[in-house]
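The structure under discussion appears below in the form of structure tokens.
The values are calculated or read from the model by the stated rules, or taken from the named source; none is laboratory data. Nothing here was measured: the structure is a model prediction, and the numbers come from that model. For accessibility, only protein heavy atoms count, side chains too; no ligands or nucleic acids. Shrake-Rupley method; radii C 1.70, N 1.55, O 1.52, S 1.80 Å.
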Amino acid sequence: MSYVDGFVIAVPDTNRESFIKHASTFDAIFLEFGATRVLECWADDVPEGKLTDFRRAVQAKEDESVVFSWVEWPDKATRDAGMEKFMKDPRMEAASDCPFDGKRMIFGGFVPVVSLPA
């Protein structure tokens, strides 16, 4: 059984390239600590909802795009151990140069209930 961490953030459009560099650096650390896959997805077709939507969830401004990301782990125990190592890793100090407002990030851990092969 796998485990998934999901994230939604708002990134200023002018920070797209710095976000990609930032994500590439930190996503490699997730893989180093046991993740099996990481995806960072830049908004392409994110409609405005009548009650809720991705943009509202992260209070995205007009000049920001929504990024939807997830990290796949083999199981929750690997995720817990990997995240603990990740948070204590000295490379995390570089996170202070974050290209987005982390206070508006939404995230959580999820247990898959349906998984279909490609």
Going through region 103-118 in order, the residues found to be open to solvent by less than 40 Å² (accessible area, probe 1.4 Å) and within 15 Å of the chain's Cα centre (by Cα) are 104, 108, 109
Failed condition for residue 18, given (1) open to solvent by 50 Å² or more (accessible area, probe 1.4 Å); (2) among the small types (Gly, Ala, Ser); (3) within 13 Å of the chain's Cα centre (by Cα), with all others met? (3)
